[in-house]
Amino acid sequence: MPKTLFEKIWDAHVVAQQPESPAVLYIDLHLIHEVTSPQAFTGLRQRGLKVRRPEKTVATMDHSIPTHDPSLPITDLLAAAQIKQMEKNASEFGIQLYGMTSAHRGIVHVIGPELGFTQPGMTIVCGDSHTATHGAFGSLAFGIGTSEVEHVLATQCLLQRKPKTFEVRVEGTLSKGVSAKDIILALIAEIGVGGGTEHVFEFTGSAIRGLTMEERMTICNMSIEGGARAGLIAPDQTTFDYLKGREFAPQGADWDRSVEYWKTLPSDEGAVYDKSITLDASKLEPMITYGTNPGMGMKISDNVPNPETMVGEEVSSQKAALEKSLKYMGLLPGQKLIGKSVDVVFIGSCTNSRISDLRLAASIMKGKKVSANTRVMVVPGSQDVKKQAEQEGLDVIFREAGAEWREAGCSMCIAMNGDQLQPGQYAVSTSNRNFEGRQGKGGRTFLVSPLTAAATALTGQVTDVRTLI
């Protein structure tokens, strides 16, 4: 029987499967960071266990680290404690750590691919919901909870029930001003935050094949926001070209053998998906969210929806959710977001902090000044991204425009590190979540692409980038 990409990876990693029970799934790569791993290591100590295969685990620090001058002390006591504990855990259990002084430290979902740890056909887990990012390489990657982190550390395996498959086909060519972030925001706006529940997305079609690896990572990153367990894109020459020569990618004859295997992974002709949807890339526009979950999104030229006009099943609960969101966001039904004043623009996160994202933002901001009334933060996803951006002079463009050029880290995406909104402030953000308080208690977030964020930074109000191109 023809198999999908997901089914091939799943079948190759099942260690044991009892009827009506979860499968025991072997894990090829375990990524950890300082926030969700401490309890897992405590559990190992209490049970007298070692890490089963420490060479299959890679650690970094990203959530709690401040993004200001690294020579300054960390004033957040909790953050400092998490970082110290991560250093202790990695040393004691023999795990490779990209710590505070590492030239390769960065957001876990940025450094995994750029160092070559992430490879097609793998199973990859991390105590972080946006692990789906790595699916851009044709790997089955998903987030796990703290107890599961402990389980993988102890056994290199995980109990998992097999998800269903969901093909997201995107055909056509994107228009100017429309990017990969707009594709995934458009999908989630259409299917809702629960549309992919119990499924794994596989993104297919000419528009997907035409994307760079970094653009593919942006799309897979937010699969979880559509309710999916993971997001996948079949490996192809674009994938191989990205990986070749990276530090932990296969080398020499191993590379050749790996590529031959990777070429067998794409879904077979005639493979059947449990669900499917098709988007026309040529009809997409820049997207923006208006509510308090990523499914509350619309074309930037549209008006905020009116709860009173909602029809269909479960109208009552959906109407109540929308009313609650608009109240929190301080928005009115029928209101246009274009022209809405913004206090902060954040360009960063595991969704949009790679070098290509920074290049997009810089292309809009070059030779211009950001609004005097808007704080603009540009945060690279890793020290390697930061170094490359500085070699290309992107940092100069941002600084001369009046933006802040920060150190690598998760920064304002999760507001655990001093980078956060004040109550009532509005932010245009390239991150992945707009929940209440996500970027700071009482903060209000509009999710957008790097292009839209850069355009908004210049005007100080929500701006359709197409008017500036």
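Got at least one residue in the stretch 90-110 being open to solvent by 40 Å² or more (accessible area, probe 1.4 Å), in contact (Cβ under 8 Å) with a residue 60 or more places away in the chain and aliphatic (A, V, I, L, M)? Yes, some residue in the stretch 90-110 is open to solvent by 40 Å² or more (accessible area, probe 1.4 Å), in contact (Cβ under 8 Å) with a residue 60 or more places away in the chain and aliphatic (A, V, I, L, M). Residue by residue through the stretch 116-137, note down the ones that are of a type in the set (A, V, I, L, M), surrounded by 24 or more Cβ atoms within 10 Å (Cβ to Cβ) and closer than 23 Å to GLU260 by Cα. Within the stretch 116-137, ILE124, ALA136 qualify.
Looking at the stretch 115-122, is at least one residue at pLDDT 95 or above, touching a Ser or Thr at 6+ places or on another chain (Cβ under 7 Å) and outside any loop (DSSP other than H, G, I, E, B)? Checking the stretch 115-122: not a single residue is at pLDDT 95 or above, touching a Ser or Thr at 6+ places or on another chain (Cβ under 7 Å) and outside any loop (DSSP other than H, G, I, E, B). The strands (runs of 3 or more DSSP E) found wholly in the stretch 243-346 and carrying at least 2 residues that are farther than 30 Å from ALA403 by Cβ and open to solvent by 60 Å² or more (accessible area, probe 1.4 Å) occupy 275-280. Regarding SER363, is this residue open to solvent by 50 Å² or more (accessible area, probe 1.4 Å), farther than 19 Å from HIS68 by Cβ and at pLDDT 95 or above? Yes: the conditions hold for SER363.
Restricting the first member to the stretch 7-20 and to residues that are over 17 Å from PRO266 (Cβ atoms) and in contact (Cβ under 8 Å) with a residue 40 or more places away in the chain, and the second to residues that are open to solvent by less than 70 Å² (accessible area, probe 1.4 Å) and hydroxyl-bearing (Ser, Thr, Tyr), the beta-carbon pairs closer than 9 Å and six or more apart or on different chains are HIS13/TYR26; HIS13/THR123; VAL15/TYR26. Counting just the residues of the stretch 1-49 that are acidic (Asp, Glu) and not in a helix (DSSP H, G or I), which one comes out farthest from ARG161 (Cα to Cα)? Taking the candidates together, the pick is GLU34. Screening the candidates GLU198, GLU167, GLU215 for the property of being in contact with a strand residue (DSSP E or B) (Cβ under 9 Å, 6 or more places away or on another chain), buried (at least 19 other Cβ atoms within 10 Å of the Cβ) and among the charged types (D, E, K, R) yields one hit, GLU167.
Given the options ALA408, ALA415, ALA427, name the one that is in contact (Cβ under 8 Å) with a residue 40 or more places away in the chain, in a loop (DSSP other than H, G, I, E, B) and touching a Lys or Arg at 6+ places or on another chain (Cβ under 8 Å).
Every option except ALA408 fails the conditions.
The single condition from (1) over 19 Å from ASN352 (Cα atoms); (2) open to solvent by 10 Å² or more (accessible area, probe 1.4 Å) that ALA401 fails is (2). Out of VAL193, VAL149, one residue alone is buried (at least 24 other Cβ atoms within 10 Å of the Cβ) and modelled with pLDDT of 95 or more. It is VAL149. SER363 passes every criterion in (1) at positive phi; (2) assigned to a helix (DSSP H, G or I) apart from (1).
Got a sec? Which of ASP62, ASP69 is surrounded by 15 or more Cβ atoms within 10 Å (Cβ to Cβ), in contact (Cβ under 8 Å) with a residue 40 or more places away in the chain, under 24 Å from VAL379 (Cβ atoms) and acidic (Asp, Glu)?
Values: ASP69 fails: surrounded by 15 or more Cβ atoms within 10 Å (Cβ to Cβ).
Residue meeting the stated conditions: ASP62.
Right, ILE74: surrounded by 12 or more Cβ atoms within 10 Å (Cβ to Cβ), touching a Pro at 6+ places or on another chain (Cβ under 8 Å), of a type in the set (A, V, I, L, M, F, W, C) and in a loop (DSSP other than H, G, I, E, B) or not? In short, yes. Among residues of the stretch 207-229 that are closer than 19 Å to SER282 by Cα, those with a beta-carbon under 7 Å from a residue that is among the aromatic types (Phe, Trp, Tyr) at least six positions away or on a different chain give the pairs ILE219/PHE203.
Among the candidates VAL51, VAL35, the residue that is surrounded by 14 or more Cβ atoms within 10 Å (Cβ to Cβ), on the phi < 0 side of the Ramachandran plot and within 19 Å of the chain's Cα centre (by Cα) is uniquely VAL35.
Tell me, please, whether a residue that is among the small types (Gly, Ala, Ser), closer than 29 Å to ALA321 by Cβ and touching a residue at least 60 places away in the same chain (Cβ under 8 Å) can be found in the stretch 163-177. The answer is no, given that none of the residues of the stretch 163-177 is among the small types (Gly, Ala, Ser), closer than 29 Å to ALA321 by Cβ and touching a residue at least 60 places away in the same chain (Cβ under 8 Å).
Among the residues making up the stretch 275-298, a single one is among the charged types (D, E, K, R) and within 15 Å of GLY227 (Cα to Cα): LYS275. Set side by side, the residues GLY393, GLY442 differ, and just one is open to solvent by less than 40 Å² (accessible area, probe 1.4 Å) and without any contact (Cβ under 8 Å) to a residue 12 or more places away in the chain, which is GLY393.
The values are calculated or read from the model by the stated rules, or taken from the named source; none is laboratory data. Being a predicted model, the structure only gives us computed values, none of them experimental. All Cβ positions, glycine included, derive from the backbone under ideal geometry; neighbour counts span all protein chains shown. Note: areas computed on protein heavy atoms with side chains; ligands, DNA, RNA excluded. Shrake-Rupley method; radii C 1.70, N 1.55, O 1.52, S 1.80 Å.
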